[in-house]
Amino acid sequence: MKNRTILKENVSHGSVSFPLCVYNNDLGYKEHLLDYHWHDEIEFLYLSKGKAIFHIDSTPVELRENEAVLINRGEVHSGYSLDHSYCVYYSVVFSLELLYNSFQDICYSRYISPLARGEQKLPQKITGGQNWEREILARIKSIISCFTAQPEGYEMDIKASILKIFSLITANNAMISLHEKQNGAKQVQTERLKRALGYIKENYREKISIDAIAKEVNLTRYHFCRVFKSLTGQTPVEYINYYRINQALRLLKDENLKITDIAFDLGFNNLSYFVKKFKEYKNCTPSEYRRKKTG
């Protein structure tokens with residue numbers, strides 16, 4: 001599906017022999033931390049500073065410092081800061097092939113394979129409220145520091161930490177088993193969200209009809225609006241405006257571009273509506289934002 005492909009992150013994380021990478025996201029006071037996207041890899045997202053909320057499929061997950069979310073394969077996710085806080089988070093992104101052996105050993109077949117097949121999923125939030133959760137957070141921080149320093153043998157250290165994290169989740173009965181019926185219904189909802197977001201990403205510069213998006217995901221307008229709001233916390237129109245405003249932030253850094261041209265290029269019908277929505281989302285006008293970023 002074309003729109004699904006657009007929304008999928010096309011980034012190779014690590015190498016073929018060691019498919020893992022750690023990203024340091026020091027975003028300061030930026031409100032928007034992460035655009036909606038998905039990937040086939042597992043992600044441990046650790047918030048080291050600030051307060052933020054991440055939407056994982058249909059669930060908003062609020063994080064404070066020294067907490068983490070575990071993002072499963074194929075889950076659509078995005079994030080933004082709360083209370084105008086300065087946010088720093090790390091993303092540990094890896095393929096389950098990192099844990100795969102040429103022969104099907106019991107560790108992979110019994111514990112890892114159900115994750116790869118989508119029969120089980122990792123718990124969403126690790127707060128450190130229990131001893132095993134605190135150990136998971138310590139292991140995630142160890143992966144981050146080990147990947148950054150890369151001492152001799154760091155690959156084994158990181159792989160061991162990931163296996164220990166999985167074993168702690170399993171030993172404490174925190175792995176979530178999905179019934180086939182529940183899993184099927186969830187996949188349908190997630191697929192519809194991916195297609196809708198992909199359609200918006202592809203067409204945001206044009207006039208977007210809600211009816212057209214609803215048709216794209218094979219729902220009536222009413223049911224599409226209801227499902228979209230339940231999954232993202234925003235109406236389709238609110239999300240379209242939000243997405244366009246975030247695209248404007250990049251364009252406003254170019255002083256050679258007229259604000260009127262930016263507004264129309266992003267699909268807004270008139271300048272005054274663009275300014276109104278920009279101020280609503282960013283608490284300043286486009287001109288004020290440009291002065292702050294280029295002054």
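The values are calculated or read from the model by the stated rules, or taken from the named source; none is laboratory data. Remember, it's a predicted structure, so these values are computed and weren't measured experimentally. When we count neighbours, we look across all protein chains shown, and the Cβ atoms used for this are built from the backbone with ideal geometry, even at glycine.
Which count do you get for residues in region 147-162 that are in contact (Cβ under 8 Å) with a residue 40 or more places away in the chain and either closer than 11 Å to Val22 by Cβ or not assigned by TED's automatic domain parsing to the domain that holds Leu96 (or both)?
At the first step, the residues of region 147-162 found to be in contact (Cβ under 8 Å) with a residue 40 or more places away in the chain are 147-148, 155, 158-159, 162.
If we keep only those that are either closer than 11 Å to Val22 by Cβ or not assigned by TED's automatic domain parsing to the domain that holds Leu96 (or both) too, we end up with 147-148, 158.
Total meeting the criteria: 3.
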Original post:
Looking at this structure, is Glu280 exposed (fewer than 14 other Cβ atoms within 10 Å of the Cβ) and in contact with a Ser or Thr (Cβ under 8 Å, 6 or more places away or on another chain)?
Top reply: no
Original post:
Which one is surrounded by the fewest Cβ atoms within 10 Å (Cβ to Cβ) among residues in region 116-162 that are more than 13 Å from Glu67 (Cβ to Cβ) and basic (Lys, Arg)?
Top reply: Arg117
Original post:
Which of the residues spanning region 10-57 are touching a helix residue (DSSP H, G or I) at 6+ places or on another chain (Cβ under 6 Å), in a loop (DSSP other than H, G, I, E, B) and either closer than 15 Å to Gln124 by Cβ or charged (D, E, K, R) (or both)?
Top reply: Asp57
**OP:** Return the residue satisfying two criteria in turn: it lies in region 64-85 and is in a strand (DSSP E or B) and in contact with a Lys or Arg (Cβ under 6 Å, 6 or more places away or on another chain), and of such residues it is surrounded by the most Cβ atoms within 10 Å (Cβ to Cβ).
**Re:** Val69
Original post:
Do you know which residues across region 233-279 are part of a loop (DSSP other than H, G, I, E, B) and either within 27 Å of Ile56 (Cβ to Cβ) or not assigned by TED's automatic domain parsing to the domain that holds Ile213 (or both)?
Top reply: Gly233, Gln234, Thr235
**OP:** For residues that are in contact with a Pro (Cβ under 7 Å, 6 or more places away or on another chain) and crowded, with 18+ Cβ neighbours inside 10 Å, tally how many sit in region 205-247.
**Re:** 2
Subject >> Failed criterion for Phe268 (all others in (1) over 16 Å from Lys194 (Cα atoms); (2) loosely packed, with under 14 Cβ neighbours inside 10 Å; (3) not polar (S, T, N, Q) hold) >> reply: (2)
Original post:
What are the pairs, 6+ residues apart or on separate chains, where a residue within region 191-213 that is within 21 Å of Gly74 (Cβ to Cβ) has its Cβ under 9 Å from a residue that is part of a loop (DSSP other than H, G, I, E, B) and among the acidic types (Asp, Glu)?
Top reply: Leu193/Asp57
Subject >> Glu288 vs. criteria under 17 Å from Asn203 (Cα atoms) and among the acidic types (Asp, Glu) >> reply: no
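Filter region 58-107 for residues that are of a type in the set (Ser, Thr, Tyr) and touching a helix residue (DSSP H, G or I) at 6+ places or on another chain (Cβ under 7 Å); which is farthest from Lys30 (Cα to Cα)? Can you show your working first?
In the first step, residues of region 58-107 are kept if they are of a type in the set (Ser, Thr, Tyr); the result is 58-59, 78, 80-81, 85-86, 89-91, 95, 100, 102.
Still in the running and touching a helix residue (DSSP H, G or I) at 6+ places or on another chain (Cβ under 7 Å): 58, 90, 100.
Details: Ser58: 23, Tyr90: 15, Tyr100: 38 Å.
That would be Tyr100.
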